[in-house]
Structure formats: C-alpha cells, structure tokens
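K.L.:
Please find one structure pasted underneath; my questions will follow.
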Amino acid sequence: MTKRKGLFGRLWLGLMLFFLYAPILVLIVFSFNESKSRAFFTGFTFSWYRKLLDNTLIMSSFWNSLIMAFLSSLLATVIGTMAAVGISKMGKRSRSVVMNLTYLPVLNPEIVTGISMMLLFVFFKNLFGGDLGFGTVLIAHITFCLPYVILNVLPKLRQVDPNIFEAALDLGCPPVQAFFKVMIPQISSGIVSGFMMSFTFSLDDFIITYFTAGSGFKTLPITIYSMVRKKVNPQINALSAVIFLLVLTMLIIMNVAEARRAKRSEWEEIARAGRSRVSRFAGRAAAGLAAAAVAGVVGVVGYRNWQSGTITGELPTLAVFNWGEYISNGEDDSLDVIAEFEEEYGCVVQYDLFSTNEEMYTKIKSGSANYDVIIPSDYMISRMIKEDMLEKLDFDNIPNAENLMDRFKTTDYDPTGEYSVPYTWGTVGLIYNTTMVEEEPDSWAALWDERQKGNILMFLNNRDSFGIAEKLLGYSLNTTDEAEIRACADKLKEQKAVLQTYVMDEIFDKMEIGEAALAPYYAGDAVTMMDENPDLDFVVPTEGSNLFVDAMCVLKGTRQKSLAEAFINFMCEPEIGKANIEYICYSTPLQSVYDILDEETRTNPVSYPDEETLARCEAFVNLPDETNKLLQDLWNEIIAE
C-alpha cells in the first residue's frame, strides 16, 4: 500500500511539473524555429537570438527595465528600512494603524493603483508642467515596492534584542554607528529579501508602468506587450528562453552552494566564519547602502538628462503613436523607416504603439501622454476634429500629399482635408480556412452558421461588430436609429452561441494554425495571414462592408509641429511608402507609391478590390455622443452575458 502511495505521489508530482514546464519547453524549442510559425517546426536556426541582440528596441527596453528595477528597489529598500525602524518604535495602536495602511497597496488591485497614480501625476503635470516618463515611473515603482521592504524588515527587527542597541550606546558608540554596526547585521537578511522582492516586482511590472510611463519611456514588459499584439515574434521566444535559463542557472548555483554549506561538519567553524562574514558584511552594507543611495539619485538625474537629450546634444524629439506592426521596421530585410527619418532630420523618434482607436483616444484624452504624430482611423479623426484635438496642417511642409489618389483627397471624416493625410486604406471582410468550411462564404451570415459552432471568431470592439450586424440586417454602418441599433445588439447576442471567442490581433495565431475556421478582419492583415497559411482565403460579403482609412494627424499643442509635418511628408515619399506597404501589406492611398509596386500586389483583389466591391462598402463617420454611449452600453451587455 505504501509503495502504491509513493508511486502515485511521484506520478502526481511528475504530472504537475509537466504542466508547469511543458509550455516553457515548447517556447524554447520554437525559439530555434527557422520560420515564424508557432505550429510547425521547419528547421533549426540561431537567427532569432542574433536578431534579438541587434534589436535596439528590445535591448534599450531591457536596460530601461534593469535601471528602473535597480534604482526603485534601492531607494525603496533605504526608505523602507528606515520606515520599518520607525514603525517598530511606535506604540501598539499607532503601529496597528500604520501597518494596516502598509497592507493596502499590497492588497489593492494593480490597475487601481496604476490609474490612481496616473491621475495624481496628471494633476501635478497640469499644475507645474512637465511630462510623464522615467521620473513618474520611478516614483510609482518605489511606492508599490515600499510595503514589501517594510514587511520583510519588520519581522527581523522584532527578533532583535532591544538591549543590544542600548548596550552599544552605553559603551560609547554613537547612535548612527551603533545602528550600522549593531542593528544592520541583525536585520540584513530582511533587507536583502526586501530588495530582491522589490527588484523582481519592479522588473516584471506592466500595469502600473503602462499607466504612468507617458510617451517615449518603455520597459521590457511594455515592449513585449506591444510586439505580441498581432503575433508572438520569435525574438520574444528567444528572449524568454534566455531569461528562463538565467533564472534557472541562478537557482542551481544557489542550491548547490547551500547544499555544500549544509555538509560541513564543524559547526563551530561555521559559526565563527558566519559571524566574521556578517561583521564584514555589516560594514560594507552600511557604506554600500549610503553610497548606493547617493549613486541612485545621481543616476536618476543623469538618466533623465540622457532621456531628454541634454547629454546627446539636445536632439529634437518627435513622439509618434501608431498601431502595432504598422510600419517597416528593419525586420526581414525591410527598410527601417524610423532610423532613416532620424538620420535624415537629425532627431530622435519616440515610437509608441496602440491596439485600438479607443485605447489611443483614452490615453491622449487623459493627459497622461504627449504625442506629436498619431495615426487613428477615419471615424476617430472625425471625433477628434470635433473635440478640437488636432492641429490644422501646413501643406507647404507636406508637398508629397499632392500624390494622393483622387478618392482620398476629399473624405467624409475630414471634409476640408485640413487635419489629416491618409496613410493606408482597406476593407473589412471574412477570412476563412478553405479546409474547414464546406463552401465559400459570401455573406456575413456565415458568422452565425451553427455548423461552425466553436470555430468562429468575432471582433472585440463595438464599432466593427455592430457594423457587421448592421450590414447583415440591411442598415447603414452609421445608423443613429435606436431601434435598429438594438436589433443589431440582439443579433450579436444570438451569435454568442456559436462563437469560439472575441479577438483582435489574437486572430493571427488562431487563423494561421487552424484553431478557427471563420473570422472578420482587415484586408491588409488577411494578406499577411494568407502568406503564412495557404489554406486561408478572403472575401468581402455581398451585403457590403466597411471601407476604412487610417490617416496621419498632428495633435493639438504639439511642440514639434514642423518636424511632425516633415515626418508626414517623409512617410509619403514613394520609396518610404513602398517599404511600408510591402511590410504591412495594407493598401496605399498614394498614386506615386501604387505605381512602383510590383504587378502581383497591384492586381491583388484583396488589397485593391474592384469598383463593384468598393461601391458596396461604406466608411465609418463619427456618431453623436448619445449613439456612441448606446453602442458602448449595449456592447458591455453583450460581452457580459
């Protein structure tokens, strides 16, 4: 019976370890995959590790994370240790109150902490000026790390005999020297634990950093998040594998060292050596903490100066906010457009990413980030014009805008053409797996097909989802009729019974490896997915669809208007535009770019549909506030059901 229990226990342990580490092993294996596929291993290569080292965005974000983690942990440890000493000297009631306040940041959801700190920083920004960035992130990280230091140091202080400190004073030791020579060695393990815990949490933090970073400052978690919105870049697999192996190596070294110490037989020798080491550590730790605190402050000032350009020659900085994977960035032998612009104009580009128009709008509207150039969609541009959020463009600085196709020179979302220059355009249609559907779908009704239950994906945003239901029911994409909108909501609720899930950029992985049969998405991204999986095809349904335009705009109040307009003009250069279109696979609104594309691209009906198809399509426009609110409320109901 005992043997059976032992065997069952080992099997259970093995099963748990398998489920814990199998995903990591798969990730490591695919970090050596020759292709970008996460479903098929096509060959062995180290190329993703080489590209990782050459990726300036990842490496700069990695160093940002290390510097932030070190400085915030160091300062939190110094402040937290002093706070713990003060708390230990309080009366019982006062100590209880302070400790309850200390527990609150630990128990508080991170998103609440992040939003509240963002609002605080925006309030002070409006009062005193300045921008959110390195400094605000540092303050936020110190704030949420402090409780962990206090909670690690306090138990050690309780274990210390209070008479030791008094005895040192009686023997003539000054209070400061007594603290560093007597107290610090007694609580050193708690201090180290607090520092290490703070370092780990700071290095790994995403939510609080996201809300307090503003524009331009990126840590590794934020960069990874922006890179995996469409699909998991193999460089991220390589980075994750390196981090995992480093952590594993550190754990092995620590465990081996601990095991060797445990095997020593002469305990007195260990005790003497331990006391000697603690004594030496105390002196070094005392001087080290003080010196490191000063170095930390100097590091903050120096790093802030470097970030702002005071050490790099006061180069002008242009902040750009764009969709993820929406510019040629030097990967796969493509042109690095940002690097080319920086070199030509002698500036620094802070390039940030968003995944939805609503995310972009909220971040700008909150005042937590300042950008110069943004690339929103048509209906969002209309809304921002209405709210006076955009600058009128000086087209003397954008001569390449004359190369726009006639269709895009006058638009419903920007009737006067004063606020935007089109960047890309496309249609929304059905992408489907030809091996998983019985016949080619030609109607939006395919997304309600019960035969494909569990194999259908749907947009995770209200405007696109309601647009599909509106076309299916014969309404306009821009209807403001409440009865029609509620009928669409009922239709979308009915669809939930056959859906696998709601997605945005997650669609790439799901469709490319055959996890779903049908999904609505944008034509440009459909081209990318079809290149990865030849079983995929794309169609614009007969009921019609959305013809969308993403355009470049300059935000109101920019401090770099001329440089922003130079950037827009640069993006309209024929060779630059061609590089972007070839990389992102969307359609160009520039005749000068279209003319130099290869014939296969120009004749691709997915990228450049015929006039009959375009005649069935309709562009989004900004809706009245009450209609937008109704759409959002109904969408919340649909998602919550």
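K.L.:
What relative contact order, as a whole-number percentage, does region 346-419 give when Cα pairs under 8 Å and 6 or more residues apart are counted? Each step should come with its number before you reach the end.
P.N.:
Details: 28 pairs, mean separation 20.1, N = 74.
That works out to 27 percent.
K.L.:
Then there's this: Counting only protein heavy atoms, what percent of the accessible surface of the chain is carbon or sulfur at a 1.4 Å probe?
P.N.:
Working: 18780 of 31650 Å².
Ligands and nucleic acids excluded, carbon and sulfur give 59 percent.
K.L.:
Here's another thing I want to ask about it. Assigning unit charges at the beta carbon (Lys, Arg +1; Asp, Glu -1) and nothing else, what dipole magnitude in debye, to the nearest 20, does the chain show about its Cα centre?
P.N.:
On the way: 53 positive and 80 negative charges, 1234 e Å.
Value, rounded to 20: 5920 debye.
K.L.:
Now for a separate question. Taking the Cα centre as origin and putting +1 on Lys and Arg beta-carbons and -1 on Asp and Glu beta-carbons, what dipole magnitude results for region 92-167, to the nearest 20 debye?
P.N.:
Numbers: 6 positive and 4 negative charges, 57 e Å.
Roughly 280 debye for region 92-167.
K.L.:
Quick one: helix 357-366 against the long Cα principal axis of the chain, what's the angle to the nearest 10°, folded into 0 to 90?
P.N.:
Helix 357-366 sits at roughly 50 degrees to that axis.
K.L.:
Among His141, Ser587, Phe179, flag the residue with its Cα farthest along the positive direction of the charge dipole of the chain, charges on Cβ as +1 for Lys/Arg and -1 for Asp/Glu.
P.N.:
Of the options given, the answer is Phe179.
K.L.:
I've got another one for you. With everything on Cα atoms, drop me the angle between helix 92-107 and the longest principal axis of the chain, reported from 0 to 90° to the nearest 10.
P.N.:
Rounded to the nearest ten degrees, it is 30.
K.L.:
Quick one: net charge around Ala168, please, counting Lys, Arg +1 and Asp, Glu -1 for every other residue with C-beta under 14 Å from its C-beta.
P.N.:
Charge balance in the 14 Å sphere: -2.
K.L.:
Residue farthest toward the positive end of the dipole of the chain, with Cβ of Lys/Arg at +1 and Asp/Glu at -1: which of Leu555, Tyr371, Gly14?
P.N.:
Gly14
K.L.:
Which value at 222 nm does the chain reach when only helices count, each DSSP H run of 4 or more adding -39,500 (n - 2.57), with the total divided by all residues and rounded to the nearest 500 deg cm²/dmol? Walk me through the numbers before you get to the answer.
P.N.:
Values: 26 runs with 370 residues, N = 641.
Helix contribution divided over all residues of the chain: -18500 deg cm²/dmol.
K.L.:
I would also like to ask the following. Under 19 Å from the Cα of Lys493, which aspartates and glutamates turn up, not counting those fewer than eight places away in the same chain?
P.N.:
Cα-Cα hits under 19 Å: Asp449, Glu450, Asp464, Glu470, Asp481, Glu482, Glu484, Asp633, Glu637, Glu641.
K.L.:
Using 7 Å Cα-to-Cβ label points, what is the Glu626/Thr200 separation (nm, one decimal)?
P.N.:
If labels sit at Glu626 and Thr200, their model points lie 5.5 nm apart.
K.L.:
So how much slack lies between Met90 and Val256, counting 0.36 nm per residue of separation and subtracting their Cα-Cα distance, in nm?
P.N.:
Working: separation 166, 0.36 × 166 = 59.76 nm, distance 4.15 nm.
Extra length available between Met90 and Val256 comes to 55.6 nm.
K.L.:
Continuing with this model, one more query. Roughly how far apart, in whole Å, are the Cα centres of region 437-502 and region 524-559?
P.N.:
18
K.L.:
Residues with beta-carbon under 15 Å from that of Arg383, excluding Arg383: net charge, scoring Lys, Arg +1 and Asp, Glu -1? Write down the numbers at each step before the final one.
P.N.:
Details: positive: Lys363, Lys365, Lys386, Arg463, Lys556, Lys629; negative: Glu358, Glu359, Asp378, Glu387, Asp388, Asp412, Asp414, Asp550, Asp625, Glu626.
Charge balance near Arg383 sits at -4.
K.L.:
To the nearest 20 Debye, how big is the dipole of region 478-624 about its Cα centre, given +1 on the beta carbon of each Lys and Arg and -1 on that of each Asp and Glu? Working shown, then result.
P.N.:
Values: 11 positive and 29 negative charges, 172 e Å.
That gives region 478-624 a dipole magnitude of about 820 debye.
K.L.:
What is the local net charge at Ile222, summed over the other residues whose Cβ is closer than 10 Å to its Cβ (Lys, Arg +1; Asp, Glu -1)? It would help to have the intermediate numbers written out before the result.
P.N.:
Details: positive: Lys218; negative: Asp205, Asp352.
That sum, taken over residues with Cβ under 10 Å, equals -1.
K.L.:
Let me ask something else. Put +1 on the Cβ of each Lys and Arg and -1 on the Cβ of each Asp and Glu in the chain; which of Tyr351, Gly216, Ala84 then has its Cα farthest toward the positive end of the dipole?
P.N.:
Ala84
K.L.:
Which value, in Å², gives the accessible area per residue of the chain when a 1.4 Å probe is used on the protein heavy atoms? It would help to have the intermediate numbers written out before the result.
P.N.:
Details: 31650 Å² over 641 residues.
Value returned for the chain: 49 Å² of accessible area per residue.
K.L.:
Say R0 is 41 Å: what FRET efficiency, to the nearest 0.05, do Asp633 and Ile139 get from their beta-carbon distance? Numbers along the way, then the final one.
P.N.:
Details: r = 36 Å, r/R0 = 0.88.
Step by step, r from the Cβ atoms, then E = 0.70.
K.L.:
Still on this structure, please answer the following. Just for the chain, what percent of DSSP beta bridges are antiparallel, to the closest 5? Write down the numbers at each step before the final one.
P.N.:
On the way: 23 of 39 bridges.
Within the chain, antiparallel bridges account for around 60 percent of the total.
K.L.:
If the limit is 27 Å between Cα atoms, which of Lys218/Lys386; Lys409/Lys561; Lys36/Lys365; Lys36/Lys491 go over it?
P.N.:
Values: Lys218/Lys386 31 Å; Lys409/Lys561 22 Å; Lys36/Lys365 37 Å; Lys36/Lys491 37 Å.
Distance filter (> 27 Å) returns Lys218/Lys386; Lys36/Lys365; Lys36/Lys491.
K.L.:
For helix 561-571, what angle does its Cα long axis make with the longest principal axis of the chain, in degrees from 0 to 90 and rounded to 10?
P.N.:
For 561-571 against the chain, the angle is about 60 degrees.
The values are calculated or read from the model by the stated rules, or taken from the named source; none is laboratory data. The shown structure was predicted, so the numbers you read here are calculated from the model rather than taken from an experiment. Positions of Cβ are backbone-derived with ideal geometry, glycine not excepted, and every protein chain shown enters the neighbour counts. The area values use the complete protein model at the heavy-atom level, side chains included, leaving out ligands, DNA and RNA. Shrake-Rupley method; radii C 1.70, N 1.55, O 1.52, S 1.80 Å.
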